[in-house]
1. Given the structure, is THR250 in contact with a Lys or Arg (Cβ under 6 Å, 6 or more places away or on another chain), outside the structural domain of SER333 (by TED's automatic domain parsing) and closer than 24 Å to PHE152 by Cβ?
2. Determine the pairs where a residue that is surrounded by fewer than 15 Cβ atoms within 10 Å (Cβ to Cβ), located within the stretch 246-260, has a partner that is not basic (Lys, Arg) with Cβ atoms under 6 Å apart, the partner being 6 or more residues away or on another chain.
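The values are calculated or read from the model by the stated rules, or taken from the named source; none is laboratory data. Computed from a predicted model, the values in this text were never measured in an experiment. Please note: Cβ atoms are built from the backbone with ideal geometry, for glycine as well, and neighbour counts cover all protein chains shown.
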Amino acid sequence: MDERSYFATKLLELIRNVFSGLGFSDNALRQIDEYVYVVVILLIAWLVTWVLRRVISYSMYKVLAGHKISWLTLLVEHGMLRQLFHLLPPLIISGLLPFAFSGSDWLYILLVRFTWIWFVVALIRSINILLRSIGQVVLSKKELQDRPMKSFIQILQVLVVFLGVIVVISILIGKSPLNLVTGLGAFAAVLMLVFKDTILGFVAGVLLAENDMVHLGDWIEMPSAQVNGIVTDITLTVVKVRNWDNTIVTVPPYSLVTGSFVNWRGMKQSGGRRIMRGFTIVHDYVKPCTPLFLERMKAFDPDLAEYIIRKQQQAARGMVVDTHNPEGLVDGSIETNLGLLRAYLALYLRRHPDINSSMQLMIRCLPPTDNGLPLQLYCFSKNKVWEEYESIQSGIMEHVLSILPVFELHAYQNTSLRDNVVNGLLEGGYEVGKIQSFPWGIIKS
């Protein structure tokens with residue numbers, strides 16, 4: 001006889017002796033001793049668990065007070081220790097029950113199934129708490145913060161719950177879990193319907209991670225879902241994005257896989273953020289450069305003067321084709337005032353302290369339109385922070401607009417009421433000075 005059997009036998013004898021002393025007959029004892037035994041072992045299981053919990057919890061807090069163990073602290077904060085103690089009562093009860101019941105007793109079968117279901121549920125909760133704690137420890141690592149680890153943790157939690165449900169059902173019906181899994185084929189359609197979002201989220205999470213499509217902190221843009229902001233959370237069933245207007249947009253992960261979206265991570269990791277802005281130059285003001293105009297422009301900017309002299313020297317040697325110039329190429333030419341403007345802007349951007357001159361930089365003319373000839377600046381800002389980037393871009397465009405008259409060029413602008421009035425005054429014989437002093441306040445554009 002082992003110690004467990006000896007303890008159960010002595011416990012039954014003690015129960016019978018106590019109730020005999022209270023005047024119960026043998027027949028009455030045979031009817032109630034099993035129920036009393038169940039109540040007693042429940043009390044024993046609770047008492048043993050309570051004592052162990054007090055002792056171990058006290059020891060654990062003492063250890064944590066003297067040593068900073070991050071993963072152990074997380075387990076305690078999430079209630080892992082408290083949850084583990086829930087595993088003890090069903091183990092104690094299931095170990096002592098067989099000694100008071102026969103194997104075919106209906107109460108015994110019911111109690112055994114109940115205790116094992118209790119154990120499985122407690123085990124599932126403990127594993128999920130452990131996985132959640134592991135997830136927090138993993139996400140605290142700087143090198144893993146941009147990975148969708150939360151999705152993988154949730155996938156494991158779903159799998160654990162799914163297996164636990166199968167085991168619980170198998171305990172209730174008294175069948176092997178393997179037999180139950182084999183018969184799940186008949187319910188596949190129902191399961192697919194119930195767990196559709198979870199399954200799609202699982203597949204999408206794997207694809208997002210495998211193809212390195214999106215990280216926490218990425219700036220993504222998805223116009224179809226009104227998404228334009230920073231990814232703040234990636235879970236099994238949802239991706240949260242905080243838009244620039246501070247609204248929160250939630251999209252299912254599989255929409256990122258099946259649809260298209262822009263991820264600005266490449267820009268943030270590169271050497272610059274693109275600036276691509278321009279003006280439309282009025283056709284009538286584009287003209288060839290005269291020697292007098294070139295001499296005047298040499299006084300405008302020292303770098304431009306050096307450029308003009310170098311181009312004049314190259315032209316004197318017969319080097320007139322810019323695209324095959326062995327001495328290097330600067331956007332623009334000295335043939336027209338617009339070409340000279342392009343040359344100046346290229347020089348200006350290359351010496352600009354906030355422009356990455358090692359990346360693509362060009363000043364180009366786009367196809368002409370009814371409004372004029374579009375002139376575009378294409379370069380990259382070193383600073384990629386939104387506010388600073390916009391400040392740099394705005395400063396460049398303001399400078400370009402201010403120096404257009406120097407090159408005798410003008411940007412196209414739709415005609416306003418003021419323009420029509422000025423034209424009428426000029427045609428009526430008004431002098432420019434008188435037009436400047438005209439009471440414009442009476443005209444509302």
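1. Values: in contact with a Lys or Arg (Cβ under 6 Å, 6 or more places away or on another chain): yes; outside the structural domain of SER333 (by TED's automatic domain parsing): yes; closer than 24 Å to PHE152 by Cβ: yes.
Yes.
2. Within 6 Å, the pairs are THR250/VAL238.
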